[in-house]
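Computed from the coordinates by the stated procedures, all read-outs in this text should not be read as laboratory data. Remember, it's a predicted structure, so these values are computed and weren't measured experimentally. Because the Cβ atoms are built from the backbone with ideal geometry, glycine has one as well, and the counts that use them run over all protein chains shown.
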Amino acid sequence: MGVAPELELRGVTCLRGGYLALKDASLSLAEGETLFAMGGAGSGKSVLLKTAAGIGIPNSGDVLYRGKSLGRMSSREEAAFRRASGFVFQDAALWANQSLFDNLALPARLHEPSWGPADVDRAVRRAADLVGYAQDLHARPAELSAGERKLVGLARALVLDPELLFMDDPSASLDEAAAERVYDIIAALKARGRTVLIASALSELASRCADCVAVLIDGSLCAVGTYDEAVTWVDPRVRAVTGRLKARTATPAWAGGLAGAWAEAIADDSFFLESAEPPTGEGPGFEAAARLSDIINDVEGADVATDGEKKDSS
Amino acid sequence: MRFRMRYADKLVGLFVVAAALFLAGGIIFLGANQRWFSKDIRFETRFQSAAGAGAGTAIMMRGFQVGKVTKVKLNDRNEVDAELVIYDTYYPKVKEYSILELVTSPIGLGTQLLFHPGKGEALAQVGSFLPLADSEQGKDLIDQGLVEIPVKDDTITRLLAGVNPLIENANKTIVTINRTLTEINRALAGQSTGPLGSIVNDASDAVSHADAMVADVSAQATALVTKANALVDSVNAITKNLEATTAAIRDPTGLVPRLLDAKGSIKTILDDKNALYDGINGSIAELQKTLKNVQDISASLNGQMPSIAMTIDEGRAAIKQAEDVLTGLKNNPLLKGGIPARVEQQPQSMSMREGQFR
Amino acid sequence: MLSKIGRAAIDGFDEFLYAMGFFARVLRESFLLLRRGQVGRRVLVNQILFTGIDALAIAAAMALAIGAAINLIGSSLLAEFGQGKLMYTILIIVITRELGPLLTAFVVIARSGTAIATELGGMAVGHEIEAYVAVGVNPISYIAAPRFLGVVISMTVLDVYFNVFGLIGSFVVVQLVHPIAFNEYFRNLFAVLTPGDLLSGVGKSLVFGVIISVVSLYRGFAVERSVTEVPVAGIKAVGSGFMLCILADVVMTSVQYLG
């Protein structure tokens with residue numbers, strides 16, 4: 001069998017408020033794969049995603065990350081799983097009583113205790129720049145529009161450059177430009193070999209970057225297969241969901257050159273902060289990162305206040 | 001708001017630390033007050049009953065708490081073994097032959113555990129047995145005169161209980177007599193506006209007060225010592241005299257006309273063998289005797305009740321005043337020559353009335 | 001009918017077990033929090049700021065009023081019966097033993113119990129708690145434990161202040177009406193006060209703090225998805241907080257006086 005899949009669901013059943021939200025769902029996701037969970041409203045996409053991400057606990061069945069059951073992980077193993085995974089909530093789910101900066105900084109502060117405030121600051125700003133949110137990071141989530149919150153929520157999931165990303169309806173409540181950026185980011189993540197699990201009802205997004213497609217109807221996984229298979233599915237109930245998927249003619253953007261500067265930037269390992277130092281060096285690989293660092297330096301120069309008050313009144 | 005958030009840590013620190021200090025201070029103060037840090041010397045005793053002498057009962061000596069009972073236990077012979085401590089500062093008083101006495105207040109103010117030091121030379125040994133006054137051992141020690149014991153406390157309480165109402169009644173009588181005399185004086189001076197009948201009624205009241213007083217005292221007569229018996233006799237004498245006096249002026253209808261009538265007039269009352277004067281003066285003399293008796297008794301109470309002495313002094317002053325009035329009556333300016341000057345110094349509070357009489 | 005009652009009993013028992021398990025986890029995480037500090041420290045500080053310091057004024061006002069009332073009764077009514085010293089016993093019983101912890105608990109329930117339950121309810125509705133889980137933050141250790149500790153600490157500390165204001169502050173107030181010598185007042189007071197009284201007061205406020213915080217946290221976490229559940233959680237936190245505090249008070253008081 002070789003290497004264990006990155007993520008595997010085995011007969012997962014979830015009860016939510018007395019009804020079966022997920023029935024005996026099994027699927028597996030290899031490293032670097034992008035899986036689209038498609039289905040109508042209330043079909044159990046979100047439950048599937050949350051259960052796979054270990055946020056919801058299945059009533060029966062098992063979720064395995066690299067062959068290890070989430071329910072039987074030690075706290076150290078669980079921390080490693082959380083460090084390596086990111087979750088983008090449908091409604092952003094930012095912590096309302098903390099500033100945006102603190103929202104973005106919490107994963108870094110939690111999982112990278114060795115980072116100094118400057119490292120955290122840099123990582124936070126890069127993530128914010130990446131999703132295209134360039135406004136005041138000391139605002140509270142309540143001051144933002146739904147679309148902006150969504151972007152910040154995405155940035156929070158990306159701060160630690162996760163190898164496994166869960167995205168619950170990533171393009172919801174976004175305007176077209178922002179949605180386009182999200183596509184770019186997904187493509188860039190794919191290009192970097194990240195594993196992505198997306199719940200979405202939008203065929204367009206799937207057409208652009210899905211490797212595999214799973215169709216959920218009333219909590220049951222009716223069909224699971226590669227994108228190319230999905231295009232050929234004939235079951236009318238499944239077709240109702242996947243009907244608008246188009247067979248790919250052109251080579252996908254992520255297969256060759258990256259789509260857009262942002263994707264380029266994200267493809268560079270040094271974009272995500274491993275060290276606090278801006279990347280130095282020669283060659284095309286460093287250009288984007290260096291350019292970004294310059295932008296970030298400008299931003300930092302303009303706005304020195306980094307570690308302002310962190311409130312959570314309760 | 002900003003201030004609050006900026007100094008949140010300091011505020012919370014202050015909040016918690018100040019409370020901790022208050023709590024610690026309270027505990028230390030409490031400990032100091034409850035002698036946690038003082039050494040107490042342990043002794044033992046035995047009660048017939050632990051009623052009124054449970055753990056925590058204070059041990060008193062001349063009004064000071066010198067220790068307390070720490071533990072009581074019913075033993076096999078149905079007696080109560082008790083452990084007690086004497087505070088270290090009072091330990092030098094715990095000589096050999098010291099005893100304890102359990103006194104129950106007759107007027108329901110609870111019990112007191114009294115400590116009476118022994119007359120031995122050496123200190124009683126730590127943990128030794130201190131007998132109770134009514135135990136065989138305790139009685140022996142008292143009979144042998146080995147215990148420094150003040151006048152029997154229970155007798156004192158009983159006496160006090162008897163004397164207190166007595167004094168009060170005597171005082172009331174004096175006041176009434178005094179008032180009667182004043183009124184008479186005013187009537188004689190032609191200033192009186194009230195009917196003379198009320199004066200007489202007051203006098204009767206005084207008599208009934210005295211009666212009640214006698215009954216009260218008689219009821220306790222058996223319990224009182226001989227001096228108290230003498231007191232009752234004196235009080236009876238006052239009562240009789242007062243009754244006689246009242247009878248002498250019982251006919252108020254005739255009095256005023258007689259006062260105004262030049263012939264019958266005051267001269268008749270006063271010169272009629274000085275009947276009124278002698279009557280009232282007689283009762284006052286008796287009263288003075290009573291008060292002297294009371295004073296004698298209270299003198300033995302060792303000044304424990306300064307209020308008794310004060311009442312007596314006031315009574316005496318009033319009596320002197322009454323005497324003055326009577327003398328004034330006798331030497332009525334209509335007849336003779338005024339109140340003679342007293343050589344004795346008058347209390348200052350009397351000066352107002354003095355002016356009225358002159 | 002019978003099966004309905006049976007099911008209700010089983011559900012109730014299940015909920016009780018669940019609540020106990022929740023309580024145990026909160027306790028464990030609180031100990032861990034105390035040991036390692038940092039994460040959640042800010043939440044703890046803010047909780048004490050809100051529950052303790054902000055409630056100080058109202059607790060102090062109540063303590064002053066009650067203390068002054070007892071002082072006035074003691075110096076007029078009781079003195080008439082010749083039982084003026086009974087005032088100190090009453091002061092201790094009312095302020096230190098009985099009303100102090102209970103009134104402080106009521107203030108804390110009304111202020112912080114509702115606040116915690118509704119805040120957590122709001123967080124649950126906004127998926128903020130799930131977001132914590134997703135990031136790898138244990139919600140019990142990051143959300144519950146600091147609030148639990150904050151409320152317990154604030155309750156205990158507030159009770160101490162209630163005593164300070166009730167016993168010392170009322171003395172000052174009464175000076176305006178009926179002067180008593182400072183020395184006499186405190187000698188008499190501390191003659192009546194026993195370590196048991198202090199222990200009882202502090203113990204009660206500790207227990208009330210635990211009850212209030214666990215109940216409101218539990219009610220807050222119980223909110224699932226609807227915004228309408230949030231105020232219900234607040235109401236339930238107040239209702240069961242009051243009931244459990246009174247129940248615990250009755251039990252503790254009976255144990256003290258009977259045992």
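Using Cβ point charges alone (K and R +1, D and E -1), the dipole size of region C:2-258 about the Cα centre works out to roughly 400 debye.
Determine, for each peptide in B:17-26, A:22-31, the mean count of other beta carbons within 10 angstrom over its residues, then list the peptides with the highest first.
A:22-31, B:17-26
Taking the charge dipole of region C:2-258 about its Cα centre, with +1 at Lys and Arg Cβ atoms and -1 at Asp and Glu Cβ atoms, the residue from C:SER200, C:CYS245, C:GLY40 reaching farthest to the positive side is C:GLY40.
Rounded to the nearest 20 debye, the dipole size of region C:1-50 about its Cα centre is 320 debye, using +1 on the Cβ of Lys and Arg and -1 on the Cβ of Asp and Glu. A dipole drawn for region C:2-258 from +1 and -1 charges on Cβ atoms has a positive end, and of C:LEU258, C:ILE73, C:TYR18 the residue lying farthest that way is C:TYR18. Across region C:131-228, Cα pairs under 8 Å and at least six residues apart give a relative contact order of 51 percent. Give me the net charge for the shell around C:GLN256: Cβ to Cβ below 15 angstrom, other residues only, Lys and Arg +1, Asp and Glu -1. Neighbourhood net charge equals -1. The Cα-based radius of gyration and maximum Cα-Cα distance (Dmax) for region B:3-67 are 21.8, 69 Å. Kirkwood radius for chain C, taken over all pairs of different Cα atoms as the inverse mean of 1/r, rounds to 19.8 Å. Take each residue in B:10-19, count the other chain C-beta atoms within 10 Å of its C-beta, and the mean is 6.
With an 8 Å cut-off on Cα pairs and a minimum separation of 6 or more residues, tell me the relative contact order of region C:2-258 in percent. All intermediate terms of the calculation are to be shown ahead of the outcome.
Working: 322 pairs, mean separation 81.7, N = 257.
Relative contact order here is 32 percent.
Computed over the alpha-carbon pairs of region A:54-168, the distance histogram in 10 Å steps reads 14, 43, 30, 13, 1 percent, short to long.
Here the Gaussian network model covers chain C, with springs between Cα atoms less than 10 Å apart; of C:VAL192, C:VAL152, C:VAL230, C:VAL192 fluctuates the most. By the count of other C-beta atoms within 10 Å, a proxy for reagent exposure, C:LEU56, A:LEU94, A:LEU106 are ordered fewest to most as C:LEU56, A:LEU106, A:LEU94. The mean number of Cβ atoms from other chains found within 10 Å of a Cβ in peptide C:188-198 is 3, as a whole number.
Each peptide in C:109-120, B:79-90 gets a packing score, the mean of other Cβ atoms within 10 Å over its residues, and the list from highest to lowest is C:109-120, B:79-90. With a 10 Å cut-off between alpha carbons and a GNM built on chain C, which of C:GLY126, C:GLY166, C:GLY201 moves the most? Of C:GLY126, C:GLY166, C:GLY201, the Gaussian network model singles out C:GLY126 as fluctuating most. Mean per-residue shielding of peptide C:46-52 is 6, counting Cβ atoms of other chains within 10 Å of each Cβ.
With only Cα atoms counted, region A:87-139 has Rg and Dmax values of 11.1, 31 Å.
In debye, nearest 20: dipole of region A:20-179 around its Cα centre with unit charges on the Cβ of K, R (+) and D, E (-)? Could the numbers behind the result be given before it?
Working: 17 positive and 21 negative charges, 95 e Å.
Roughly 460 debye for region A:20-179.
Each peptide in C:63-69, C:84-90, A:84-90, B:33-39 was scored by the mean count of other Cβ atoms within 10 Å over its residues; highest first, the order is A:84-90, C:63-69, C:84-90, B:33-39. By the combined test of axial Cα extent (at least 15 Å) and Kyte-Doolittle hydropathy (mean at least 1.6), the qualifying DSSP H helices of chain C come to C:54-73. Between amide H atoms placed 1.01 Å from N, distances below 5 Å from A:PHE166 occur with A:GLY86, A:PHE87, A:VAL88, A:LEU197, all of them 5 or more places distant or on a separate chain.
Each residue of region B:33-45 was assigned a 3J(HN,Hα) from its phi angle through the Karplus expression (A = 6.51, B = -1.76, C = 1.60, θ = phi - 60°), giving 5, 9, 6, 5, 9, 9, 8, 10, 9, 8, 9, 10, 8 Hz with x at Gly and Pro.
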